[in-house]
Amino acid sequence: MARQIICFCIVVVLFLPGCISSDQSSMVDDSDSSIELVVWHSFAAESKEQATFESRIEVFMASNPGVEVKISAIPYPEADQQFMIAAQGGEAPDIVRLSSDQLGKIGDIRVGGQPLLEDLRTHLTPIDRAKFDPRALNAMRYDGDLLGIPASQDCLSLLYNPLLFDAAGVDYPNENWTLDDMLLASLSLTSGDVNGLALPVKNAYWWFGFQSGFGGSLFDQNGTPTLDSNGSADAMDWLLDLELEHGVVETGTQTESMKTQFLSSKAAMIVDGPWNWATYEAGRIPVQQSILPIVSDTEERVAPLVTYKGWSVSKQSLNKEWSTKLALFLSSSEVQKEFAIETYTMPTHVDLYADPDISENVVISGFLNQLMEGTPAPTTRAMAMVYDPLVTAFENVYAGEMTSSEALLLADQALESDLEGLE
Amino acid sequence: MKRVFVITILSFLFLLPIGHASEIIGIEADGDVGYRQVGLIWTTDSPTEEGTLFEIWVSNASIVDTANATKHSEVRVGNVSGIIQPDIGEWYDDCLFDSGEGDWTPVHRDLDGTAVVSVGAIGVNCTLTGLPSGIEIYLAVKSTTPNGESFLSSSISSSSTMSDEEIIVIETSPYVFAIGSIALSVLILLFVLRWMDYRDGRTTSRFAHLYIAPAILALSVLTFYPVLYGIWLSFTNADQSHLGDQSFIGIDNFITVISTSGFFRVTGFTLIWSVVNVAAHIGFGLLLAMALNSDDLKGKTAYRTALLLPWAIPSYISVLVWRGLYEPAGALNDFLGTNLNLLADANGARIVVILVNIWLGIPFMMMSISGALQALPKDMYEAAEVDGINKFSRFRYLTLPNLKSALVPLSLLGFIWTFNMFNVIYLMTDGGPNLDFDGPGSTDILITYVYDVAFRDGAYGVAAAWSVVIFVMLVVFSWTYMKKTNATEAVT
């Protein structure tokens, strides 16, 4: 009899969970009880950004006593992937920090027929929206939905070490510089173990700006890939030649090694973003910034890709109103200003463009000038998929297996084929 | 005089509309338009004139003036030529206006996104966003004429009645049900076996089946179920864009696998990678184990400890150190005085990843073989020495045959581990350099390519098909290897 009871209990235990509905219906916010929000950020560990972010979260909790915010750090390059995996398991955080190109990867993803991110259009009033740079706000839209509130923007610019320029007797970069001037200066500055320039020549993100300057573009107005233009090929050749032909860029320079070179005064110039400025300052490099040069042939300026980072609310959040409130707070003028001054994070709040503390700051205003010359990255699935074929194209040209025109033609075909596969 | 009077009256009537601000005569709200949204319609007593500004104000109490309210949005009356006019659903929120002809058309948007309606509009219908859900609010519209005259409409209360939409994540009941069914089937099977054994008198222990039940259950749920689920997934169109909605598609995924450009290349390199690594692990491991087993060697403990270090250090750290050494600015070029970029060259990168994995795998083989060597009877060697057998012949005819029972399973395990070794290639080259569009990289092996297919492309069904192919390859290899070598049978 006892055995039968045990068997019955085992059967019940095994079957019961399967019979219980896993219905996780979302509720309206219960303002009477304590609310817990989980936020995933992607600021570097122990960085100024992280410290500033954490202090702002404390301020938010202090002004909203019923709300507890739990924060977790995730690596920035994997933020979209980690969020997707968590969401597929029903464990997504309420708020996550994502970039506009990451939104392009997530936008189409569905779990149980539902998107992963909340369309914030219904949560923001027109007055809320009007506070943000329209380009930034538009970059957070995917297929019409507003998937994030823009909190920062960034792009590449030209940084240089004036001490190495002085030592070589070369004039500092200026806004009238052409790429030819830049190359001549790099050649003059390259001597011994010092290289004139540091940038990862095979990295597509660095190439985008030059591609635009040479007259190429990633997509046409219909979103069809246009990688195989003459301008694109010229830009690729020009970049790769910096290392392969002119030797002004150290062999095999990658994003990490270029930083090391500049920090150790082994590179006179670097094409880099504002995110590393504080690191160079901490390394006692008297770093200066100048806008990227003009391409002589086209008379177009190198226009780096502008990407935006912002706060997105999970579709699975049970407290969307509070989540949106926190996302708006983290993107507010006050918080953006603090980030800008403390960490050189470029703001997206239109009021801050005219704020004296911002406009009179040489670094921030310099990067804002560069941003105005940049090209906003389209927030599309195609943009998220453009990197893979370009990596292969760069590898082939670098290895001498193909010409840039051949490689970009194949990259264009591969991307179009991938996009057709999605349909 | 009469003519002057008529002209004066006509002039007055003609000019009256210019100075007359359109007053809001009707205002209605609808709380059912969507989550955190309220629909608001207002109409004016006359066609609106250019420069009129409508401001929508919100408050949690009736609005008598705007001092106690918050501005929600603005609608401007002006020239709309050359201004964009997004369709319904295209803009952040929707707003329509009635130009007086009875049709509602979408408003235009100026550069800062403000809604603009054409001159003469007599009604506006906006969906107000960003309002609290389920809380009563009051709305009013203030109109201001170009000459500064303002009129505040009556206040109207409403509430966004629609709650947040219901979100169902993945329906997990089928999976729990499947696991429960498997577990129950295993239990029933054990009961049946127990009964059959009892009936046939094959066991003396009443609890024998109970003892093995936990292990069988754990294997069923943790091993057999995931394998079976993976096999099922390989016949579906599961991908990250619609996980949970997958459907059966037959062998399409397997066709995709076979037709992938580079399928034979990546399979070939996986075989080369596995065979070279295992051969080197066994060869160097045996050599070092014999050296450490020599009676003449002094300081064996120190050597053994030093040789174990690659195994003791977490592999991701040692792999990253190796990568740093091979980079153009790394120690190898410093030492050789060269400017090699081995990791950017397909063959160079292949050689490098194999070398690093050989370095990582030797200690385990060395220790395993060393243990087996120590278990060999010493009198056998003494007899051979007395018989004048030279060292090589002793190794060839005594050591190797006696080690077979250890070497065969070790090499089989080594092959399976190396075949599925992920971290070395992922950390050293990430499969690159990538010279093949839409195919595996030069140093990709099957398992690293499956990772790309699953987590970069998000094609779970195709990745599952690749995994099934790997599984079949390893089962066929293991089975053949066991049969050919008589596996664990000791030499007689």
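Regarding region B:50-57, can at least one residue be identified that is modelled with pLDDT under 95, buried (at least 19 other Cβ atoms within 10 Å of the Cβ), more than 14 Å from every other protein chain (Cβ to nearest Cβ) and touching a Pro at 6+ places or on another chain (Cβ under 9 Å)?
Yes - at least one qualifying residue is present in region B:50-57.
When residues of region A:381-391 are filtered for being surrounded by 22 or more Cβ atoms within 10 Å (Cβ to Cβ) and facing chain B (nearest Cβ under 7 Å), how many remain?
Summing the residues that are surrounded by 22 or more Cβ atoms within 10 Å (Cβ to Cβ) and facing chain B (nearest Cβ under 7 Å) in region A:381-391 gives 1.
Could you check, for region A:133-156, whether at least one of its residues is basic (Lys, Arg), under 30 Å from residue B:240 (Cβ atoms) and assigned by TED's automatic domain parsing to the domain that holds residue A:345?
Of all residues in region A:133-156, those basic (Lys, Arg) come to A:135, A:141.
Cutting the leftovers down to under 30 Å from residue B:240 (Cβ atoms) gives us A:135, A:141.
Of the ones still in play, those that are also assigned by TED's automatic domain parsing to the domain that holds residue A:345 are A:135, A:141.
Within region A:133-156, one or more residues are basic (Lys, Arg), under 30 Å from residue B:240 (Cβ atoms) and assigned by TED's automatic domain parsing to the domain that holds residue A:345.
Among A:237, A:193, A:241, A:181, which is charged (D, E, K, R), within 14 Å of chain B (Cβ to nearest Cβ) and surrounded by fewer than 23 Cβ atoms within 10 Å (Cβ to Cβ)? Working first, answer last.
On the way: A:237 fails: within 14 Å of chain B (Cβ to nearest Cβ); A:241 fails: within 14 Å of chain B (Cβ to nearest Cβ); A:181 fails: within 14 Å of chain B (Cβ to nearest Cβ).
Of A:237, A:193, A:241, A:181, the one residue that is charged (D, E, K, R), within 14 Å of chain B (Cβ to nearest Cβ) and surrounded by fewer than 23 Cβ atoms within 10 Å (Cβ to Cβ) is A:193.
Restrict the check to region A:108-129 and report whether at least one residue is of a type in the set (Gly, Ala, Ser) and in contact (Cβ under 8 Å) with a residue 12 or more places away in the chain. Steps first, please.
So in region A:108-129, the residues of a type in the set (Gly, Ala, Ser) come out as A:112-113.
With in contact (Cβ under 8 Å) with a residue 12 or more places away in the chain added as a condition, the list becomes none.
No, there is no match, as no residue in region A:108-129 is of a type in the set (Gly, Ala, Ser) and in contact (Cβ under 8 Å) with a residue 12 or more places away in the chain.
Please count how many residues of region B:236-260 are without any contact (Cβ under 8 Å) to a residue 40 or more places away in the chain, small (Gly, Ala, Ser) and part of a helix (DSSP H, G or I).
Looking only at that region, the number is 1.
Can you give me the number of residues within region A:255-274 that are of a type outside the set (Val, Ile, Thr), under 19 Å from the mean Cα position of the chain (by Cα) and buried (at least 18 other Cβ atoms within 10 Å of the Cβ)?
Of the residues in that region, 5 qualify.
Looking at region B:1-48, which of the residues that are closer than 16 Å to residue B:75 by Cβ, hydroxyl-bearing (Ser, Thr, Tyr) and at pLDDT 80 or above is surrounded by the fewest Cβ atoms within 10 Å (Cβ to Cβ)?
Among those that are closer than 16 Å to residue B:75 by Cβ, hydroxyl-bearing (Ser, Thr, Tyr) and at pLDDT 80 or above, it is B:43.
Just for helices (runs of 4 or more DSSP H) wholly inside region B:368-474: which have at least 1 residues that are crowded, with 17+ Cβ neighbours inside 10 Å? If you could, list the steps in order and put the result at the bottom.
On the way: elements: B:378-386, B:391-394, B:400-419, B:423-428, B:446-451.
Fully inside region B:368-474 and qualifying: B:400-419, B:423-428, B:446-451.
Can you find, within region B:191-235, the residue that is farthest from the chain's Cα centre (by Cα) among those that are modelled with pLDDT under 85 and part of a loop (DSSP other than H, G, I, E, B)?
Out of the qualifying residues, it is B:201.
Please determine, by comparing only the residues of region B:276-303 that are without any contact (Cβ under 8 Å) to a residue 40 or more places away in the chain and either within 32 Å of the chain's Cα centre (by Cα) or part of a helix (DSSP H, G or I) (or both), which one is nearest to residue B:464 (Cα to Cα).
Residues of region B:276-303 without any contact (Cβ under 8 Å) to a residue 40 or more places away in the chain: B:279, B:283, B:287, B:291, B:294-303.
In the following step, the residues that additionally are either within 32 Å of the chain's Cα centre (by Cα) or part of a helix (DSSP H, G or I) (or both) were identified as B:279, B:283, B:287, B:291, B:300-303.
On the way: B:279: 29, B:283: 34, B:287: 40, B:291: 45, B:300: 47, B:301: 46, B:302: 46, B:303: 44 Å.
Top of the filtered list is B:279.
From A:419, A:408, A:326, grab the single residue that is modelled with pLDDT under 95 and more than 10 Å from chain B (Cβ to nearest Cβ).
Working: A:408 fails: modelled with pLDDT under 95; A:326 fails: modelled with pLDDT under 95.
None of the others qualify; the one that does is A:419.
What number of residues in region B:103-125 are part of a strand (DSSP E or B), surrounded by 18 or more Cβ atoms within 10 Å (Cβ to Cβ) and either of a type in the set (Val, Ile, Thr) or in contact with a helix residue (DSSP H, G or I) (Cβ under 9 Å, 6 or more places away or on another chain) (or both)?
Final tally of qualifying residues: 4.
Identify the single condition in (1) in contact with a Phe, Trp or Tyr (Cβ under 9 Å, 6 or more places away or on another chain); (2) hydrophobic (A, V, I, L, M, F, W, C); (3) free of Cβ contacts under 8 Å to residues at least 12 places away in the same chain; (4) surrounded by 13 or more Cβ atoms within 10 Å (Cβ to Cβ) that residue B:313 does not satisfy, given that it satisfies every other one.
(1)
Look through A:195, A:161 and report the one residue that is under 27 Å from the mean Cα position of the chain (by Cα), of a type in the set (S, T, N, Q), closer than 30 Å to residue A:260 by Cβ and not assigned by TED's automatic domain parsing to the domain that holds residue A:104.
On the way: A:195 fails: under 27 Å from the mean Cα position of the chain (by Cα).
After applying the criteria, what remains is A:161.
Which numbered condition in (1) surrounded by fewer than 23 Cβ atoms within 10 Å (Cβ to Cβ); (2) within 13 Å of another protein chain (Cβ to nearest Cβ); (3) of a type in the set (Gly, Ala, Ser) is the only one that residue A:169 fails?
(2)
Condition test on residue A:197, is it under 21 Å from residue A:367 (Cα atoms) and either part of a strand (DSSP E or B) or among the β-branched types (Val, Ile, Thr) (or both)? Walk me through it before giving the result.
Values: under 21 Å from residue A:367 (Cα atoms): yes; either part of a strand (DSSP E or B) or among the β-branched types (Val, Ile, Thr) (or both): yes.
Criteria met by residue A:197.
Give the residues of region A:216-252 that are under 25 Å from the mean Cα position of the chain (by Cα) and of a type in the set (Ser, Thr, Tyr), sorted by residue number.
A:217, A:224, A:226, A:232, listed by residue number.
Which pairs turn up if I take residues in region B:180-202 that are closer than 27 Å to residue B:226 by Cα and touching a residue at least 24 places away in the same chain (Cβ under 8 Å) and look for partners that are part of a helix (DSSP H, G or I) and not hydrophobic (A, V, I, L, M, F, W, C) with beta carbon separation below 8 Å, at least 6 apart in sequence or on another chain?
Listed pairs, sorted by first residue: B:182/B:220; B:182/B:225; B:183/B:220; B:186/B:220; B:190/B:209.
Here's the yes/no breakdown for (1) without any contact (Cβ under 8 Å) to a residue 40 or more places away in the chain; (2) under 28 Å from residue A:240 (Cβ atoms):
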{"residue": "A:346", "(1), (2)": "no, no"}
{"residue": "A:358", "(1), (2)": "yes, no"}
{"residue": "A:361", "(1), (2)": "yes, no"}
{"residue": "A:380", "(1), (2)": "no, yes"}
{"residue": "A:395", "(1), (2)": "no, yes"}
{"residue": "A:404", "(1), (2)": "no, yes"}
{"residue": "A:418", "(1), (2)": "yes, yes"}
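Residues that are under 30 Å from residue A:280 (Cα atoms) and touching a Gly at 6+ places or on another chain (Cβ under 6 Å): list the strands (runs of 3 or more DSSP E) wholly contained in region A:58-163 that include at least 2 such residues. Can you show your working first?
Working: elements: A:67-73, A:95-99, A:149-154, A:157-160.
Qualifying strands (runs of 3 or more DSSP E): A:149-154.
Please state which one of B:244, B:201, B:230 is under 30 Å from residue A:87 (Cα atoms) and either loosely packed, with under 13 Cβ neighbours inside 10 Å or out of contact with any Ser or Thr (no Cβ under 7 Å at 6 or more places or on another chain) (or both). Step through it out loud before you land on a result.
Details: B:201 fails: under 30 Å from residue A:87 (Cα atoms); B:230 fails: either loosely packed, with under 13 Cβ neighbours inside 10 Å or out of contact with any Ser or Thr (no Cβ under 7 Å at 6 or more places or on another chain) (or both).
That would be B:244, the only listed residue that is under 30 Å from residue A:87 (Cα atoms) and either loosely packed, with under 13 Cβ neighbours inside 10 Å or out of contact with any Ser or Thr (no Cβ under 7 Å at 6 or more places or on another chain) (or both).
Quick check on my filter: what residues within region A:392-401 are buried (at least 18 other Cβ atoms within 10 Å of the Cβ) and either facing another protein chain (nearest Cβ under 10 Å) or small (Gly, Ala, Ser) (or both)? Before you say what the answer is, go through the steps one by one.
Our first condition is that a residue be buried (at least 18 other Cβ atoms within 10 Å of the Cβ); within region A:392-401, this holds for A:392-398.
A:392, A:393, A:394, A:395, A:396, A:398 - these are the residues of region A:392-401 that are buried (at least 18 other Cβ atoms within 10 Å of the Cβ) and either facing another protein chain (nearest Cβ under 10 Å) or small (Gly, Ala, Ser) (or both).
Could you please give the count of residues in region A:120-136 that are touching a Pro at 6+ places or on another chain (Cβ under 6 Å) and crowded, with 24+ Cβ neighbours inside 10 Å?
Step one: of region A:120-136, the residues touching a Pro at 6+ places or on another chain (Cβ under 6 Å) are A:132, A:135-136.
Those left that are additionally crowded, with 24+ Cβ neighbours inside 10 Å: A:132, A:136.
Number of matching residues: 2.
Here is a check on your reading of the model: is residue B:154 touching a residue at least 24 places away in the same chain (Cβ under 8 Å), among the hydroxyl-bearing types (Ser, Thr, Tyr) and outside any loop (DSSP other than H, G, I, E, B)? Working first, answer last.
Values: touching a residue at least 24 places away in the same chain (Cβ under 8 Å): yes; among the hydroxyl-bearing types (Ser, Thr, Tyr): yes; outside any loop (DSSP other than H, G, I, E, B): no.
No, not satisfied.
Within region A:55-112, take every residue that is surrounded by fewer than 16 Cβ atoms within 10 Å (Cβ to Cβ) and among the acidic types (Asp, Glu) and give me the one that is farthest from residue B:242 (Cα to Cα).
A:58
Give me the residue from region B:137-167 that is of a type in the set (D, E, K, R) and under 20 Å from residue B:63 (Cβ atoms) and, out of that set, surrounded by the fewest Cβ atoms within 10 Å (Cβ to Cβ). Before you say what the answer is, go through the steps one by one.
So the first thing to find is which residues in region B:137-167 are of a type in the set (D, E, K, R), and the list is B:142, B:149, B:164-166.
Cutting the leftovers down to under 20 Å from residue B:63 (Cβ atoms) gives us B:142, B:149.
Numbers: B:142: 20, B:149: 12.
Among residues in region B:137-167 that are of a type in the set (D, E, K, R) and under 20 Å from residue B:63 (Cβ atoms), the one surrounded by the fewest Cβ atoms within 10 Å (Cβ to Cβ) is B:149.
The values are calculated or read from the model by the stated rules, or taken from the named source; none is laboratory data. No experiment lies behind these values; they were computed from the predicted model shown. No Cβ is skipped: glycine too gets one built from the backbone with ideal geometry, and neighbour counts run over all protein chains shown.
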